[in-house]
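J.: I'd like to ask you about the structure that follows.
The values are calculated or read from the model by the stated rules, or taken from the named source; none is laboratory data. None of these values were measured; they are calculated from a predicted model. Every residue, glycine as well, gets a Cβ built from its backbone with ideal geometry; the counts of neighbours run over all protein chains shown.
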């Protein structure tokens, strides 16, 4: 395994010199789309292969997009700025299905997505929903499903929604990646 090293020195209020070492795992970039619609795998409920891919998504390209974390603090004479790499667990990916010619997704897909969201796996036992965004990436992730909105409201149902086999409202699924799958 190749080793990447970097070092820097800075003074903090005339304190004694300290040496700190941090090991980072560098993950290669994803290789691009695998050519699918997307998939969720629940440890007890089974597999949801998306009938339609999302119409748009945020914080995802060939891998999850992890922005750096920035903080600023006032000092007596100025401001101290800190910038460090973000972490995978800091990101929320949103998949959105929009009404395209009156259809965002079929009702069976929404019902299974609701079951996945409403029945979270046992995180204490190391169980996660597995997410494969094959419409954009060849990678897979252990995830937590954080939200499911219908027409901008959490699980909004109406006579039109309940009685139809085709959903005519925007649907968005909020996903928090926890780790990459091997």
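J.: Please identify the pairs in which a residue from the range 34-56 that is loosely packed, with under 14 Cβ neighbours inside 10 Å has its Cβ atom under 6 Å from the Cβ atom of a residue that is outside any loop (DSSP other than H, G, I, E, B), counting only partners at least 6 apart or on another chain.
T.: From residues that are loosely packed, with under 14 Cβ neighbours inside 10 Å, the pairs are 47/41; 56/96.
J.: Related question: Out of all the residues in the range 134-152, is one or more in contact (Cβ under 8 Å) with a residue 12 or more places away in the chain, in contact with a helix residue (DSSP H, G or I) (Cβ under 6 Å, 6 or more places away or on another chain), surrounded by 11 or more Cβ atoms within 10 Å (Cβ to Cβ) and farther than 15 Å from residue 41 by Cα? Talk me through it step by step, then tell me what you get.
T.: Going residue by residue through the range 134-152, those that are in contact (Cβ under 8 Å) with a residue 12 or more places away in the chain are 134-152.
Checking the rest, the ones that are also in contact with a helix residue (DSSP H, G or I) (Cβ under 6 Å, 6 or more places away or on another chain) come to 145, 148.
In the following step, the residues that additionally are surrounded by 11 or more Cβ atoms within 10 Å (Cβ to Cβ) were identified as 145, 148.
Still in the list and also farther than 15 Å from residue 41 by Cα: 148.
Looking through the range 134-152, at least one residue is in contact (Cβ under 8 Å) with a residue 12 or more places away in the chain, in contact with a helix residue (DSSP H, G or I) (Cβ under 6 Å, 6 or more places away or on another chain), surrounded by 11 or more Cβ atoms within 10 Å (Cβ to Cβ) and farther than 15 Å from residue 41 by Cα.
J.: Quick check: is even one residue across the range 174-182 in a helix (DSSP H, G or I) and surrounded by fewer than 12 Cβ atoms within 10 Å (Cβ to Cβ)?
T.: Step one: list which residues in the range 174-182 are in a helix (DSSP H, G or I), which gives none.
No, every residue in the range 174-182 fails to be in a helix (DSSP H, G or I) and surrounded by fewer than 12 Cβ atoms within 10 Å (Cβ to Cβ).
J.: Just checking, which of 53, 67, 121 is at pLDDT 95 or above and assigned to a loop (DSSP other than H, G, I, E, B)?
T.: 121
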